[in-house]
Amino acid sequence: MVGDGDVCEKPVKEVKSLTFTPELQDAESADLTQKFAEYVTKAAQFSRACEEALTEMLVTGIAGTIIMGFMWVIFLWLFAGVIVFVALTVLVVTLLIITVICYVRAGWTPNPDDFFNSTDVTPNLGEYNYENLATTDNRTAYAVMAVIMTILLAIVLIMLAMWRKCIVRCVAIIRESTKVFKTIPSMMVWPLVSIVFLTATYFWAFLVAAYIFYVDEDTYAENLDKLQKAIEEYSSGDAASHLDSDPSTQKWVLFWVHIFGVLWVVEFIRACTWITMSGAVCWWYFFKDDAEKYERFPLLNSCKRVLRYHLGSAAFGALIIAICQLIRYMLATLDYYTKDVQKTNLIFKLVIKCSQCAMWCLQKTIEFVSYFGFVYIALNGTSFCASCKETFKFLLTPKNAMQTAVNKVVEKLIILIIAWTTPTFMSLICYAWLSGNDEYTADNNPLYPCIIVWVGSFALAGAIATVFECTIDTIFLCSFRDAAMFDGKYMSQEMRDAFGIDAPPPEGISAVQTSADYKEHHELAEKKQAEGAEPTIHT
């Protein structure tokens, strides 16, 4: 027996619960209900963790990312040469690794793993059969890739050796681009404006798409009748007879019309943002030392010029890009819904794949020319078509084409570095910050807010990287315009040294800011060049 002194005095709380089970519920539905409850619990935990870490998320995701953008400006200004060298080295090493992998897969070189594990290895390495080490049956495809990669690697190495002076100019352009943010620091936060508009556009796109596919089909029939009557009132009625009354067809037609509108609006926002930033950079390049042309808010003034003069150009350029994107998405949709047909029809499959590849190349080419054209719109104040003509004229010059190729390779590598390292670093800071708060970690998982921080910081860092790209492209075109028309009058000494300009700056020629300036001084600059005073640029 247990004595009175041995009785446990620890209080015990009795909890009674009732579980209500549907009459038709079985074991399978009970498991599904349990899984659904777990998902809801996880979502609630995720929401609570983010809500209680809102301050930390805003600081690291937005403020921290913008601060990192300014740190990248300083870093590029101090180590532009090192970054360009490292970026090009990474490019060469990546191509070399891919080439070696293709050689190994093709059976032309030994696979190290198979070499050490194989029982066919003899003391005489000269008798070793490399073909036995091929790690795939697709040797022919890898052999072709090996040849292509070898040629590409050789071309890149030859071009880098030939483009030494272009690389020097690229370094000078990048360093010059970083100086813009000292005068116009608002450039770093300008992407927030475009992000707000793009977010609203995507939200609107989602709501309308949901309405299209989930609204009652009777609504389509009613709207179709109204549309047919409206068409018949203003036409002979032939056009209305071609309208398909099938609700499914109507949904898809409306969906693609909606997608096209969304693509157009998105590209229009990006075009306006690009032209605005380019206009501010153009002002900085030509008027940073001109007291008479001083502007307190150059970015806002540039935005005002875009809203007043260049909306049509931005809309037209965005329209062309949106059409190419729409065709690509249609081809991708056709590819998805015809997979079974492609398995039995090789010709049809080749047509689909080649069409997608061709449209991708066309879209990228049009985007490349269009965004250079947007810079010319800000630089010259001309229309979109005239600006694209200037772009073609500029790129058809071999010297300019070589410099453009070097700049774009370096730009893409820098954008890749900024867009991935910044959100990762900010997420680590957020995790360390939250992990040090014992009160927070007692009830929440700090990993949840870090995921949101990474996604948000990635979007903002990508936008900031686009600011760098726009600034570099604008400085690039301004410097070549300055060298060709004004003998480098507005260049810094570092830029003049990089461009190798020997002729002194001329007198009586001022910079181009608007279309009026361009028309006024373009004729004078051409006359000067015709008289033999063209500047000397060593290439």
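The values are calculated or read from the model by the stated rules, or taken from the named source; none is laboratory data. Note that the structure is a prediction, hence the values are computed from the model and not measured. Note that each Cβ is placed from the backbone with ideal geometry, even for glycine, and that neighbours are counted across all protein chains shown.
Data overview
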item: Every residue from region 185-202 that is closer than 13 Å to F70 by Cα and polar (S, T, N, Q); result: S186
item: Residues within region 33-53 that are surrounded by 11 or more Cβ atoms within 10 Å (Cβ to Cβ) and either of a type outside the set (S, T, Y) or over 38 Å from the mean Cα position of the chain (by Cα) (or both), tallied; result: 10
item: Among the residues listed as S510, S515, S457, the single one being touching a helix residue (DSSP H, G or I) at 6+ places or on another chain (Cβ under 9 Å), among the hydroxyl-bearing types (S, T, Y) and either at pLDDT 55 or above or crowded, with 18+ Cβ neighbours inside 10 Å (or both); result: S457
item: Contacts under 6 angstrom Cβ, first residue in region 80-108 being touching a residue at least 60 places away in the same chain (Cβ under 8 Å), partner of a type in the set (D, E, K, R) and assigned to a helix (DSSP H, G or I), 6 or more apart; result: A80/R175
item: Of residues in region 175-187 being surrounded by fewer than 20 Cβ atoms within 10 Å (Cβ to Cβ) and in contact (Cβ under 8 Å) with a residue 24 or more places away in the chain, the one nearest to F79 (Cα to Cα); result: K179
item: Only listed residue being within 27 Å of G261 (Cα to Cα) and among the aromatic types (F, W, Y), chosen from F316, F394; result: F316
item: Residue count for region 445-481, restricted to those that are of a type outside the set (S, T, N, Q) and closer than 30 Å to N380 by Cβ; result: 16
item: Candidate set: region 282-326, residues that are touching a residue at least 24 places away in the same chain (Cβ under 8 Å) and either touching a strand residue (DSSP E or B) at 6+ places or on another chain (Cβ under 8 Å) or hydroxyl-bearing (S, T, Y) (or both); chosen: the one nearest to L477 (Cα to Cα); result: Y285
item: Out of A318, A378, A401, sole residue that is modelled with pLDDT of 95 or more and touching a helix residue (DSSP H, G or I) at 6+ places or on another chain (Cβ under 6 Å); result: A318
item: Region 390-404: number of residues that are exposed (fewer than 15 other Cβ atoms within 10 Å of the Cβ) and part of a helix (DSSP H, G or I); result: 5
item: Spans of helices (runs of 4 or more DSSP H) in region 183-291 with at least 2 residues among the hydroxyl-bearing types (S, T, Y) and modelled with pLDDT of 90 or more; result: 191-214, 247-287
item: Selected residue (criterion: farthest from the chain's Cα centre (by Cα)) from residues of region 398-430 that are of a type outside the set (A, V, I, L, M, F, W, C) and over 20 Å from L160 (Cβ atoms); result: S427
item: Test: residue in region 11-24 that is exposed (fewer than 15 other Cβ atoms within 10 Å of the Cβ), at pLDDT 80 or above and among the basic types (K, R); result: no
item: Failed item in (1) at pLDDT below 90; (2) surrounded by fewer than 24 Cβ atoms within 10 Å (Cβ to Cβ), with I451 passing the rest; result: (1)
